[in-house]
Amino acid sequence: MRWRMFVIAISSCLVPFAFSGVNESAARAALQRANPDARVLLDGQRVNRVFGAPLSFGTSPQESAANFLQQHAPALGVSSAELRAGSNFTGLPTVPLMPDAGRGGNKFTLVYFAQEKDGIPVFRGEVRLLTRNEPGFPVVLVASSARNLGEFVVDRGVAAKPFDRLEQIAPEMTNYSDIQVVIWAGIDDAQVEPVLAITFTADNYDNPNAKPERWLYVADAVTGNVLYKENLIRFAPITGHVQGMATEGAKADICSPELVTVMAWARVSVTGGGTGYADGEGNFSIPHSGSSPVTVQSFMTGTYFSVDNWAGAEETLSATVTPGVPYTFTHNEENISDLVRSQVNCYVSANRVRDWILAQNPGFPGISTETNFPIYVNRTDGYCPCNAWSDGISINFCQAGGGCPNTGWQSVLDHEYGHHVIDQGGSGQGAYGEGMSDCIAVLTVDDPNLGYGFFGNCDAGLRTADNDCQYLASGCSTCGSEEHDCGNLLSGCIWSIRNELIVTEPDEYLSILSSLTVNSILLHLGTSINDDIVIDFLTLDDDDGYLGNGSPHYNEICAGFTAHGLSCPELLTGIRVTPETGFQSEGHVGGPFISSCVYVVHNIGTYDVGYSVTCPENWISIPNGSGTLPAGASTLVTVSINSQAANLPMGVHHATVSFENTTDSTGNTTRGVELAVGYGTAYSWNLDTDPGWSTQGQWAWGIPAGGGGGGGGPDPTSGHTGPNVYGYNLNGDYTNNMPEYHLTTPPIDCQGLTDVHLRFSRWLGVEKSIYDHAYVRVSNNGTTWTNVWQNGAADVADSSWTLQDIDISSLADNQPNVRIRWTMGTTDVGLTFCGWNIDDVAIFAAGDFTLPPLVLSLPLAPPSIVPALTPTPLTLHISNAGETYVPGSARLYYRFAPGAFSETTLTSLGDDLYRAVLPAAPCGVQPEFYFSATGSGGATVILPENAPTELYRVGVGTLTTIVFDDFEVASGWTVGDTGDDASIGIWDRADPNPTAAQPGSDHTPEPGVMCWVTDSRGGSLGSYDVDGGKTTLKSPNYDLSGSTYAVIGYWRWYSNDQGATPHTDVFVVDISDDGGSTWVNAETVGPGGPQTSPGWFYHEFNVQDFVALTNQVRLRFIASDEGEGSLVEAALDDFSIVTLSCDDSWQPGDLNCDGSINVFDIDPFVLALTDSGGYGTAYPGCNYMLADVNGDGSVNVFDIDPFVLVLTGG
């Protein structure tokens, strides 16, 4: 189905906006390369959603979101420098979404970024990124209302000038809010030339002769011309059912009798004594010291709502109560006046719908923390009678009149409170607000009709969600374009989804739909009802990060939306091929050559597809190049250089391998093959180990931290192959006013080599050459250096690794002392970028080179964790090169404990592929392994190439959290260490008070309030920040001696971006395995990078990467202020340690896992022997490897006799 708002594959064929601040087409092309499965939804020419696949990763939701924006913000029409963490709507940096009852916590975290330029916010410009709460915290949806500002420059004079003409802009109003200076660049799909503007709200509530009005204005900051005006009064002429001392069921008070209903959270006060509030069941308890009767009053207010009776005083009950003797207050007990009944109805209904909202999302912005929200009942002014309205600061209901009942009852209140929820969630109102408010009113009672009895007919409603409204691109819907009529479209979609879900999920349909509906509000931007709502529902429903394969309730959600003419994204089908890179082979004239490579062909669809892999060149063979792939399956395809290549002349030859989906062509793609005949790699450095090259400045070898990105994007988080690189400042950007700093190789002997090329993988960020500089230089004498590459007139902002091939033959051919140099600098005083990162350096030339004997690789990465007692299959690819593989020589070497390795042979699968089986491992071990193979010349090649120093490792068991400390109570953490000298800003455990640098709340969801923070006091910025040195927080000792694997995680807050000299200090995390006698650095944050601005960020690390697993593992967190004029704040919360738990207590032969071996194990043994999948279904808590009674690592007929022996006690 075609998308009405044009859902497209991300491509460079998009028409660029008229504004030229960023190159959007190039940015979207880069996004496509980095995320080939991602899709985009456009609103006009503006990107509205990016979705469909994981888009970025990080160690926390904030880091993952920041990583996406630092690399791909230009695809949204903005630069990353224009985005600030946090929301202009909610004021929050993050919000949890979709509580996960099965696993605890929440399924998603929504991360907010507000758009601003030079500190001036863009009106309603915001980017919201939805991350899944799973390892890597993948971003799976980006919702954007950001605007392309082009070359717009903030006029500081205009921005700072007071504006005193509000009465001229809105003369009919009587009250005016404070103004805010903003940048106006349009709203929704309207993109206009940016201008500096002011925004404010105004009302006429002081004019008793006028209908109440409240408006939002945006006006030109220079001329005062109104650019945008939005009515903040939202009407809802709807009715519904009320419970409590009011209407029973879903109808108006004129239609049904009244019942007593608890008034949760109601305020109760002792005259001359204390005040208390009822609990959720209506029970209250007020401490009192005497025993004599006292006067107690019950009010029409409570913790969360305050009812104000427009017709007079609110009903307040008073009684004489004897301490210790329970007393029941019954409001509206006489039930003779709708003026009293409406007070009770609105109070009870408001608390009920609030509870319902928080059941779907306990952390919903505003709703979860708001108290004393005003409800005005029995109004006769304004829009009364026959009405109700929300104005953003209250909800309002009318007395009976004009043929209508009193509008203060549940269905009407649910709708009006729905508008308030939408305000708090940060969405626009309009048609969307009306429709979503109807959805809330419908779902709270599971009835499609709203407003039973509104016009006196108790069997008819005012509106119904059980409708056939159809989407119209122009005019909103076939039910009309007026906001309430248009809103019917959304409620109709929701009710249609409900009708689909009740068939497939008869017990859970309402909770599933309610959760999706409420949480989708937080993703919505604007006022329209269109296809982006479909995407939001599907993304929230998704369970694996890929929308291409659907979601658990894809069919039901899409059936509901498409029934009303909205479009659902089609499921991705067809094939995906990995890796993305082509096959590079080389060898001497006549051979031999590196013989083959392996590609993985995945069927990403939901039905079987045929595939065919072909190449027209006669020197390429593809022996296993066709077949059928079931849904979700994958296969390995070997592309080989055959004997015909021996006839090729010297030179570089190219071919194209085509991967075809023979079923429907979806996913068809190609991969290039480069065969260098007479050319080869004379020297190579994969940088997995440090080659010891000469470094200056901040050049270093190691793992890049993914930091930086003040301009352009951040550093990578690993090398192109392996974890390590050579980079300039592995922790972030290069600095301003920097001279040239060099990375230089030792002399390289190129004698006997011609047509020499330098090849390396590059990840570089550098500003255009009129400001900053990066060079590659070559010398053949160590003195004279020649530029062979330098940055040009455009910024370089790599967001992925790219292969560089530089011809250096004029300098290097037949030269004995060739040196390569990468130079960073000089730089100016402006933007800083992430600088150089290089990996996989090689000298490629004709002449004297030597092929490796064999090339070994793993087409499929080994698992990181395996269950106990379960053999693990592994696939090894062996490519011939300088030698030919000796059949039968491949080995898997493994051990379950330090010491000698055991070995096992591999089985040939054909086409250069071999199968190894890592034997089943018990609990308490960490299997380590490596591979070897022998060539015809006697050379033995191993993988990893540095084994046994470097090994593959897997954990055994399942992950279990053994420590979780939210710091709500003291838990043995201490403050202070040798050398601590900070004068203020000392660590303490407290409920923090907010500043621009310090958090205003801890990270733990409510009711948690405590965290460790560097002086919890608030006040002005810099009053209690860390000053004068360092302050240290230390953990207690943790006993990890019985673990084979441990990961420590924590949420941290670190801000050093304020003050006169920002970004000059660092936050240090050290770990010890001897109780603190010695320390190893585990993490350093800063001095620059995205995680040095205010916000909670999650970080975790594997303990064994730094220290041993002992009974004295301890951490320390050091915040310091060593710089003049810098401002530092830090905080720590929700500390955790995850280890592997394991259960291998079952005995081989106990196939039904009842703790004994007897005749009841015979049938499950036969099933495990003949159908392991069927066994897993029949005995989900057991492991079919319990049938491996002879312990040889496989279940087969050789286990029958041993099973009989253990069964009979032999």
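The values are calculated or read from the model by the stated rules, or taken from the named source; none is laboratory data. Note that this is a predicted model, so its numbers are computed, not measured. Cβ sites come from the backbone with ideal geometry, for glycine too, and all protein chains shown count toward neighbours.
Within the stretch 164-221, being hydroxyl-bearing (Ser, Thr, Tyr) and assigned to a strand (DSSP E or B) holds for Tyr176, Thr199, Thr201, Tyr217. Here the strands (runs of 3 or more DSSP E) wholly within the stretch 260-358 that include at least 2 residues being closer than 16 Å to Gln410 by Cβ are 305-309. Taking the stretch 901-930 as the range and being among the small types (Gly, Ala, Ser) and over 25 Å from Pro1148 (Cα atoms) as the test, the residues that pass are Ser908, Gly910. When Ser908 is tested against (1) closer than 17 Å to Tyr930 by Cα; (2) outside any loop (DSSP other than H, G, I, E, B); (3) among the polar types (S, T, N, Q), just one condition goes unmet, and that condition is (1). So is Ser810 in contact with a helix residue (DSSP H, G or I) (Cβ under 7 Å, 6 or more places away or on another chain) and surrounded by fewer than 20 Cβ atoms within 10 Å (Cβ to Cβ) or not? Taking the combined requirement at face value, the residue does not satisfy it.
The C-beta contact set for the stretch 78-97 (first residue at positive phi, second residue among the hydroxyl-bearing types (Ser, Thr, Tyr), distance under 8 angstrom, 6+ apart or interchain) comprises Gly86/Tyr112. Of all the residues in the stretch 1177-1210, those that are within 17 Å of Ala868 (Cα to Cα), in contact (Cβ under 8 Å) with a residue 12 or more places away in the chain and exposed (fewer than 14 other Cβ atoms within 10 Å of the Cβ) number 2. Only residues that are of a type outside the set (Val, Ile, Thr) and closer than 19 Å to Gly1008 by Cβ were counted across the stretch 363-377, and they come to 6. Consider the stretch 386-401 and keep the residues that are farther than 18 Å from Asp253 by Cα and hydrophobic (A, V, I, L, M, F, W, C). The one that is surrounded by the fewest Cβ atoms within 10 Å (Cβ to Cβ) is Ile393. Please enumerate the residues belonging to the stretch 964-1009 that are outside any strand (DSSP E or B), under 20 Å from Thr1031 (Cα atoms) and touching a Cys at 6+ places or on another chain (Cβ under 9 Å). Listed by number, the residues that qualify are Phe967, Asp991, Pro992, Pro999, Asp1002. Inspect all residues belonging to the stretch 1036-1045 and state whether any of them is crowded, with 17+ Cβ neighbours inside 10 Å, assigned by TED's automatic domain parsing to the domain that holds Ala996, within 28 Å of the chain's Cα centre (by Cα) and under 24 Å from Thr735 (Cβ atoms). For the stretch 1036-1045, residues crowded, with 17+ Cβ neighbours inside 10 Å, assigned by TED's automatic domain parsing to the domain that holds Ala996, within 28 Å of the chain's Cα centre (by Cα) and under 24 Å from Thr735 (Cβ atoms): absent.
Quick one: Ser694 ticks every box in (1) of a type in the set (Gly, Ala, Ser); (2) over 28 Å from Ala845 (Cα atoms); (3) modelled with pLDDT of 95 or more except a single one, so which number is it? Every listed condition holds for Ser694 apart from (2). Do we find that Gly1174 is in a loop (DSSP other than H, G, I, E, B), small (Gly, Ala, Ser) and either buried (at least 22 other Cβ atoms within 10 Å of the Cβ) or not assigned by TED's automatic domain parsing to the domain that holds Asp988 (or both) in this structure? It is false that Gly1174 is in a loop (DSSP other than H, G, I, E, B), small (Gly, Ala, Ser) and either buried (at least 22 other Cβ atoms within 10 Å of the Cβ) or not assigned by TED's automatic domain parsing to the domain that holds Asp988 (or both).
For the stretch 856-871, filtered to residues that are under 30 Å from Gln1147 (Cβ atoms) and not hydrophobic (A, V, I, L, M, F, W, C), the residue that is modelled with the lowest pLDDT is Thr870. The single condition among (1) within 30 Å of Gln32 (Cα to Cα); (2) at pLDDT 95 or above; (3) surrounded by 17 or more Cβ atoms within 10 Å (Cβ to Cβ) that Arg819 does not meet is (1). Is it the case that the stretch 402-422 has a residue that's free of Cβ contacts under 8 Å to residues at least 60 places away in the same chain, surrounded by fewer than 21 Cβ atoms within 10 Å (Cβ to Cβ) and not in a loop (DSSP other than H, G, I, E, B)? Scanning the stretch 402-422 turns up no residue that is free of Cβ contacts under 8 Å to residues at least 60 places away in the same chain, surrounded by fewer than 21 Cβ atoms within 10 Å (Cβ to Cβ) and not in a loop (DSSP other than H, G, I, E, B).
Scanning the stretch 400-441 for residues that are of a type in the set (S, T, N, Q) and touching a Leu at 6+ places or on another chain (Cβ under 6 Å) yields a count of 1. Within the set Pro616, Pro623, the sole residue that is on the phi < 0 side of the Ramachandran plot, touching a residue at least 60 places away in the same chain (Cβ under 8 Å) and assigned to a loop (DSSP other than H, G, I, E, B) turns out to be Pro623.
Within the stretch 1013-1052, the only residue that satisfies the criterion of being at pLDDT 90 or above, out of contact with any Asp or Glu (no Cβ under 7 Å at 6 or more places or on another chain) and of a type in the set (Phe, Trp, Tyr) is Tyr1038. Of all the residues in the stretch 362-393, those that are at negative phi and part of a loop (DSSP other than H, G, I, E, B) number 17.
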